[in-house]
1. Looking at the stretch 8-107, what strands (runs of 3 or more DSSP E) fall wholly within it and have at least 2 residues that are in contact with a helix residue (DSSP H, G or I) (Cβ under 8 Å, 6 or more places away or on another chain)?
2. Out of all the residues in the stretch 1-34, which are buried (at least 17 other Cβ atoms within 10 Å of the Cβ) and over 24 Å from residue 88 (Cα atoms)?
């Protein structure tokens, strides 16, 4: 569809692609045909293209300030990272882990888990969190 919009329909710009996976899938088409994609939501960062205008916050803008605050204000030193199993949560938690272990003195990640979208059974991970007792 991206190729059709750019080549056949002669669209100068497209606003869309709600997920990271869809954005990454169409990016080569926008770059090949020099189209402009307006990506309207937050994203994981770590990507730049002259053919995309990223209008939302990137993960570092959302995560790092929160980690710094909870570390400084509440004394949090241990963290358990959770997320749905797709690009944004995995990349965001990679950024969080790097910041926790590299910038928060004495802090560490005590667990990390991912679940399919729509997953509803969290008893197992709740028990793991209780056992590891993150701050």
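The values are calculated or read from the model by the stated rules, or taken from the named source; none is laboratory data. Only a predicted model underlies this, so the values are computations on that prediction, with no experimental measurement involved. Methodologically, a virtual Cβ is constructed for each residue, glycine included, from the backbone with ideal geometry; neighbour enumeration extends over all protein chains shown.
1. Answer list for the stretch 8-107: 36-39, 78-84.
2. Within the stretch 1-34, 5, 6 qualify.
Here's the yes/no breakdown for (1) modelled with pLDDT under 95; (2) closer than 20 Å to residue 23 by Cβ; (3) buried (at least 16 other Cβ atoms within 10 Å of the Cβ); (4) under 14 Å from the mean Cα position of the chain (by Cα):
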residue: 50; (1), (2), (3), (4): no, yes, no, no
residue: 58; (1), (2), (3), (4): yes, yes, yes, yes
residue: 67; (1), (2), (3), (4): no, no, yes, no
residue: 74; (1), (2), (3), (4): no, no, no, no
residue: 91; (1), (2), (3), (4): yes, yes, yes, yes
residue: 97; (1), (2), (3), (4): no, no, no, yes
residue: 102; (1), (2), (3), (4): no, no, no, no
residue: 106; (1), (2), (3), (4): no, no, no, no
residue: 117; (1), (2), (3), (4): yes, yes, no, no
